[in-house]
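So the structure is just underneath, and the comments pick up after that.
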Amino acid sequence: MTDIEKRIIKYLEEGKNEVKIFWDMDGTCASMEMHKKKHKLEEGFFYSKRPIKTIIEIMKRLQDKGAKTYILSFCSYNYQKEDKLRWIEDYCYFIDKDKVIIIPRRENNVKVIAEKQYLKAEYIKDYIKDNDIVYMVDDNETTLLGTQEKLPLINIVSPIDFIE
Ligand SMILES: [Mg+2]
């Protein structure tokens with residue numbers, strides 16, 4: 001178990017604050033390797049991604065200890081969101097449906113923001129309150145730093161930091 005996981009468990013055991021963890025999908029709990037499907041725009045592309053079992057086990061372990069587990073992920077279109085929801089049902093079935101935030105950026109009714117690195121912060125802030133201990137796990141450094149810039153109290157972590 002790495003230091004970051006130990007630290008989160010310590011917060012959970014103290015039980016003083018709610019611990020909320022926002023997990024990214026692609027590059028975090030779903031692989032970025034080459035796929036059976038040819039192209040990102042092809043239906044089924046996101047569903048065909050290999051689950052990163054080591055990370056998913058950690059997600060579940062922390063949830064079992066009391067962390068609130070969120071998925072926060074982008075895609076372009078609604079049909080890709082459907083793919084991602086199916087994937088989550090298969091591999092991250094333990095996450096509450098109301099904690100799955102998947103944002104198809106090219107559809108209507110999504111928040112529009114000039115700089116992409118701040119978009120996740122825009123969504124996270126709707127789900128957190130003062131005194132929550134919040135972690136964001138993402139493989140994209142620009143997104144991590146952008147989120148921390150907008151929400152300075154958030155803890156940013158790369159998925160690799162959970163792996164021994
Ligand atoms: Mg990613």
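The values are calculated or read from the model by the stated rules, or taken from the named source; none is laboratory data. Just so it is clear, the structure is predicted and the values come from calculations on it, not from any experiment. Here the Cβ positions follow ideal geometry from the backbone for every residue, glycine too, while neighbour counts run over all protein chains shown.
Of note:
- Within the range 111-123, residues that are touching a residue at least 24 places away in the same chain (Cβ under 8 Å) have Cβ atoms under 7 Å from residues that are of a type in the set (D, E, K, R) and surrounded by 13 or more Cβ atoms within 10 Å (Cβ to Cβ) in these pairs: TYR118/LYS150; ALA121/LYS150, counting only partners at least 6 apart in sequence or on another chain.
- Subset of the range 98-118 (residues that are surrounded by fewer than 17 Cβ atoms within 10 Å (Cβ to Cβ), touching a strand residue (DSSP E or B) at 6+ places or on another chain (Cβ under 7 Å) and of a type in the set (Val, Ile, Thr)): ILE101, VAL110
- Flag for THR54 being touching a residue at least 12 places away in the same chain (Cβ under 8 Å), surrounded by fewer than 19 Cβ atoms within 10 Å (Cβ to Cβ), within 15 Å of the ligand (Cβ to nearest atom) and more than 13 Å from PHE22 (Cα to Cα): no
- Among the residues of this structure, TYR127 counts as one that is part of a loop (DSSP other than H, G, I, E, B), in contact with a strand residue (DSSP E or B) (Cβ under 7 Å, 6 or more places away or on another chain) and either surrounded by fewer than 18 Cβ atoms within 10 Å (Cβ to Cβ) or touching a residue at least 24 places away in the same chain (Cβ under 8 Å) (or both).
- The range 24-40, subset modelled with pLDDT under 85 and surrounded by 15 or more Cβ atoms within 10 Å (Cβ to Cβ), residue nearest to ILE156 (Cα to Cα): HIS35
- Near pairs, Cβ below 9 angstrom, 6+ apart or cross-chain, from the range 7-35 (closer than 11 Å to ILE133 by Cα and part of a helix (DSSP H, G or I)) to any residue that is of a type in the set (D, E, K, R) and more than 16 Å from the ligand (Cβ to nearest atom): ILE8/LYS65; LEU12/LYS65
- Taken over the range 41-85, the criterion of being at pLDDT below 95 and out of contact with any strand residue (DSSP E or B) (no Cβ under 9 Å at 6 or more places or on another chain) is satisfied by LEU41, GLU42, GLU43, GLY44, PHE45, TYR47, SER48.
- When residues in the range 138-152 are screened for being within 11 Å of the ligand (Cβ to nearest atom) and over 12 Å from the mean Cα position of the chain (by Cα), 2 of them pass.
- Residues within the range 53-77 that are in contact with a Leu (Cβ under 8 Å, 6 or more places away or on another chain) and in a strand (DSSP E or B), tallied: 2
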